[in-house]
Amino acid sequence: MSETAARAARPRTEADPGRRRFLGYLLAAPTLAAAADLSLGTATAPPALALPSGPQPAEVYDLNDMLTDATRPTANLITVVVHEDGTASFELPRSENGQGIMTSSAMLVAEELDLPVSKVRVTLADARPELLFNQLTGGSNTTISTFTPIRVAAAIAKQELLAAAAIVLSAEVESLEADAGVITAPGGASVGYGQLARRAAATSTRRVDVTLTDRADFKVIGTPHNRTDARKAVTGRKEFTLDLQVKGARPTMVCRAPTLNGTPVRVRNKKKVLAMPGITHVAKVSTGVAVRGKTFGQVIRAVRALDVEWKDGPVAGQSDADVLAELRAAELPLAVPALPAGAKTVDADFTFWFRSNSALEPNCAIADVRTDRAEIWAGLKSPITAHEEIATRLGMTPDQVTVHVVQGGGSFGRKLFFDAALEAAEISQKMRKPVKLMWHRTDDSRVGRTHPMATSRIRATYAGSEVLSFEQRHTSVVTDNSHGLGELITAMSAKLPVGEIGFAQTIFALTQEVPYHYGLVDQQLDETDSRFNTGSMRNIYSPDTCTARELVTDQLAEAMGQDAFAFRREHAKDDRARAVLATVAEVGGWGRRMPAGTAQGIALHKEYKGLNACLVEIDCRPATVDRPVRDGVTGPRVTKVVMAVDVGLAVNPRGLEAQMQGGIMDGIALALTSSLHLRDGHFLEGSWDNYFYTRQWNVPPEVEVVVMPDTTGEPGGAGEFGVASTFAAVACAYRRATGRTPTEFPINHRDPLAFKPKPTVPPIPQSPTNGLRRY
Amino acid sequence: MPKHSFLLNGERVTVDVDDDVRLLWVLRDVLGVTGPKYGCGINVCKACTSHVNGRAFNPCSVKVSALDRDDEITTIEGLPGTAPGPGLHPMQEAWIDRDVAQCGYCQPGQVMAAVALVRQVRREGRSITDADLDGIRNICRCGTYARIREAVRQGEAAM
Ligand code: FES
Ligand code: FES
């Protein structure tokens, strides 16, 4: 399905503008090393559009343009090295957390180098402070910003291999054929890349130029490819931070306060806990009381035994309702537009509760801090900021600190922050020992970062079949951007098309785009309350703002007596939008008759230089909603999802499909089941039996992702892209199935709690002992 | 300190550790067997799923002292050894073929759960149904569920 679509698409690609020559470097090195400046990218062309809805800032220049442009002035090199064993290697200055960017990067190298993907080794670079903004993994920007430079470096390497082969084979360069790592002369004589690796090496660094493979000739890019680490992942050999064996780095955990961000005053029973079996160290640190021991099992027992006097955190005594009241107080008013006679208004108001962005791998890090140097290992998406802050915390200069980027067990925004790395560094310094810090799941769920709670209000006006205006006021608990994105925006602010507004408003303006002709469009963000540990979660605002917009879109269509799909198609701003809508309508059988209590929903989203549409079917009949499950929630079941995704050029359609599938599962959770409840100063949810992320019993039996033909010749973002339209489509389907417009998400947030909250003192639960009886 | 002895991936191991330390930590921290992952420690997320005498269980919720000398523990590292022939277990091959893993953190547990599920339905003289797939409790926070469902069926056919 999807994969054929992408292949079939290639011949349709327009005349290739990429034939121009790109500049790169040959580096002096023992074997062939070719490099390109990471700032090589695509120019941002301002669109010349005359639209009934004027272009919003994000349409002219979006978050990805900013992230890509931010890399330009730093002028730093990424390098492809060819080795004597015939392999090539490449250090990616980004963070892999499951998005598949190591695989897609290997594909880019393989394409230009004419080497099998299996012979390209991609690893993650340590923190490289000289890269400034260019080592931030966020905004689904990796492939967008590295697409050209990686190919240029690889193309230069191949050019040099061919030149070296011409000498070895005594043939003209033009007559040589490179294929799968072997260069062959017309007579059949051949030489492998491995044999040429030394010969082709440069003795001094120099600039060279190169052309890139014509898009029509891509053999690897655009062809489905499995993950390069698939085998390691299913054999248990893929190493995550907690799996690393760093000498002396013993299991370490932190005993935390009963209120969010509470701090320790004193430990009443340190001696007793130190005497417990296996325990080596107990130390008060800024976030709690750290315990180090031989096994995590013994450390868990010790954390539970600690008797600590705490100072309350900043939200002590507060609950969901208090935060909601604060948001209400901060809401910006909706303007009342002057309406022509006969015009009508649709007003809507939605609440999105706190949600946890926990990955399955909990926050964790290894730190080995000595008096004069420190070494840190963690999954980090902003290693440069982490590096700086860790050095500051330790009172060291940056060059005394080494930060290794380890593959992460999921991120979803969580690993833009380095809470565990900073904490581990502090603990290791205090204890004067290497530590392997793990947050208990309960810490990760209750104290770890959350997607901020928000309200979104919309006022749309219409007359006849025209939408005249669309206003959206999004009011949110503050999203923490102190992971490097804030600095990046400051540095870029002069050239952004949004004027002097705050960080958050800048990101909002650069990501929000109403993909319909809705007349006068005005979207604004207001933030309040910075007491929470927040961050993005597979996007920041868009899943919420898109869901609000799409529900109102359904209401508008209904008010005008139009079909939800036909209305969207008619009001869509461009052909790419109409194509993804038409695709899901056709593949998903839009409009088919369905039993009462079940329905379809459809939604459209535009971001990351791409568009997607989602069609879902939901079953809200009591027999489905009330089906029993142990330690989980069921509720309405999404029975089918069809998503059509246009990212421009899909480098790896198979990886793109996987990212959409993952986003779909997130969208379902956001709509139906997953939220945090703040009660009396802490979040109640303490583990996966309390926080209801999508489980197999919630998974749609039918999931189909259609990768659209290449529309732009340039890659778009993928990691976060599937969430918004799915969330919105599920909400719209729920509305049609039940006849009620949901106004709070997830829809079950105000239901009686489906679990018994775990105690807050001790802060973590002991493991049960029923593992042999109960699976 | 008390000694505990059991069979791990076909070999006898003996460890010196307190009775009540859960097996997950004995595997990971004492024996350096890191295939089984920590995701909750309370028998909920199933990231640590391994086999005891061929059946799925969660070592995070079993005291090391609860094991008998003859109990055979299989972790993901030992799974290939339980299938005939060289190479990986057919369920692992299905996982690779279906390109299931994203971050990969949950996947050792998912594969172990899938193998145990096939064995269980076979004991019941039937094959895997949609309801069985709905009943898989392992969390995947990356949301690879759709491909897991395909891979379980493909692995079942090859087992
Ligand atoms: S860690 Fe064992 S079930 Fe979660
Ligand atoms: S692949 Fe990441 S948690 Fe499952």
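The values are calculated or read from the model by the stated rules, or taken from the named source; none is laboratory data. What you are looking at is a predicted structure, and each value in this text was computed from that prediction instead of being measured. A quick note on method: Cβ atoms are made from the backbone with ideal geometry, for glycine too, and the neighbour counts reach across all protein chains shown. Areas reflect the complete protein model, heavy atoms only, side chains present, ligands, DNA and RNA absent. Shrake-Rupley method; radii C 1.70, N 1.55, O 1.52, S 1.80 Å.
For residue B:63, the stated conditions do not hold, so it cannot be described as charged (D, E, K, R) and open to solvent by less than 10 Å² (accessible area, probe 1.4 Å).
Right, residue B:107: at the interface with chain A (Cβ under 9 Å from one of its Cβ atoms) and closer than 22 Å to residue A:775 by Cα or not? In short, yes.
Taken over the range A:250-269, the criterion of being open to solvent by 20 Å² or more (accessible area, probe 1.4 Å) and either of a type in the set (Asp, Glu) or within 14 Å of chain B (Cβ to nearest Cβ) (or both) is satisfied by A:250 alone. For the range B:41-73, the set of residues classified as part of a loop (DSSP other than H, G, I, E, B), at the interface with another protein chain (Cβ under 7 Å from one of its Cβ atoms) and out of contact with any His (no Cβ under 9 Å at 6 or more places or on another chain) consists of B:42, B:43, B:44, B:45, B:47, B:58, B:62, listed by residue number. Look at residue B:36 and say whether it is within 16 Å of ligand 2 (Cβ to nearest atom) and either within 13 Å of the chain's Cα centre (by Cα) or more than 7 Å from every other protein chain (Cβ to nearest Cβ) (or both). It is true that residue B:36 is within 16 Å of ligand 2 (Cβ to nearest atom) and either within 13 Å of the chain's Cα centre (by Cα) or more than 7 Å from every other protein chain (Cβ to nearest Cβ) (or both).
Residue-by-condition table, conditions (1) in contact (Cβ under 8 Å) with a residue 40 or more places away in the chain; (2) not β-branched (Val, Ile, Thr):
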| position | (1), (2) |
| --- | --- |
| A:271 | no, yes |
| A:276 | no, yes |
| A:286 | yes, yes |
| A:294 | yes, yes |
| A:312 | yes, yes |
| A:340 | yes, yes |
| A:355 | yes, yes |
| A:371 | no, no |
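Check whether at least one residue in the range A:444-466 is acidic (Asp, Glu), more than 20 Å from residue A:260 (Cβ to Cβ) and out of contact with any Asp or Glu (no Cβ under 8 Å at 6 or more places or on another chain), and report yes or no. For the range A:444-466, residues acidic (Asp, Glu), more than 20 Å from residue A:260 (Cβ to Cβ) and out of contact with any Asp or Glu (no Cβ under 8 Å at 6 or more places or on another chain): present. The one condition from (1) surrounded by 15 or more Cβ atoms within 10 Å (Cβ to Cβ); (2) in contact with a strand residue (DSSP E or B) (Cβ under 6 Å, 6 or more places away or on another chain) that residue A:313 does not meet is (2). Each residue in the range B:34-57 was checked for being farther than 27 Å from residue A:692 by Cα and either within 14 Å of ligand 1 (Cβ to nearest atom) or of a type in the set (Asp, Glu) (or both), and 1 pass. Quick check: is even one residue across the range A:63-82 modelled with pLDDT of 80 or more, touching a His at 6+ places or on another chain (Cβ under 9 Å) and either open to solvent by 10 Å² or more (accessible area, probe 1.4 Å) or small (Gly, Ala, Ser) (or both)? Checked against the condition, which is being modelled with pLDDT of 80 or more, touching a His at 6+ places or on another chain (Cβ under 9 Å) and either open to solvent by 10 Å² or more (accessible area, probe 1.4 Å) or small (Gly, Ala, Ser) (or both), the range A:63-82 yields no hits at all. If you go through the range B:117-159 and keep only what is within 10 Å of chain A (Cβ to nearest Cβ), surrounded by fewer than 21 Cβ atoms within 10 Å (Cβ to Cβ) and in a loop (DSSP other than H, G, I, E, B), you end up with just B:135. Restricting A:247, A:238 to residues that are modelled with pLDDT of 95 or more, crowded, with 20+ Cβ neighbours inside 10 Å, more than 16 Å from ligand 1 (Cβ to nearest atom) and part of a loop (DSSP other than H, G, I, E, B) narrows the list to A:238. Residues that are open to solvent by 50 Å² or more (accessible area, probe 1.4 Å), more than 10 Å from chain A (Cβ to nearest Cβ), over 17 Å from residue A:774 (Cβ atoms) and in contact (Cβ under 8 Å) with a residue 60 or more places away in the chain: does the range B:11-28 have at least one? No, the range B:11-28 contains no residue that is open to solvent by 50 Å² or more (accessible area, probe 1.4 Å), more than 10 Å from chain A (Cβ to nearest Cβ), over 17 Å from residue A:774 (Cβ atoms) and in contact (Cβ under 8 Å) with a residue 60 or more places away in the chain.
Candidates in the range A:348-377 are the residues that are among the charged types (D, E, K, R) and either open to solvent by 10 Å² or more (accessible area, probe 1.4 Å) or within 16 Å of ligand 1 (Cβ to nearest atom) (or both); of these, the one that is farthest from residue A:728 (Cα to Cα) is A:372. Sub-9 Å Cβ pairs linking a first residue in the range B:118-143 that is touching a residue at least 40 places away in the same chain (Cβ under 8 Å) and more than 16 Å from ligand 2 (Cβ to nearest atom) to a second residue that is of a type in the set (A, V, I, L, M, F, W, C) and assigned to a loop (DSSP other than H, G, I, E, B), at least 6 apart or interchain, are B:118/B:128; B:118/B:159; B:119/B:159, ordered by first then second residue.
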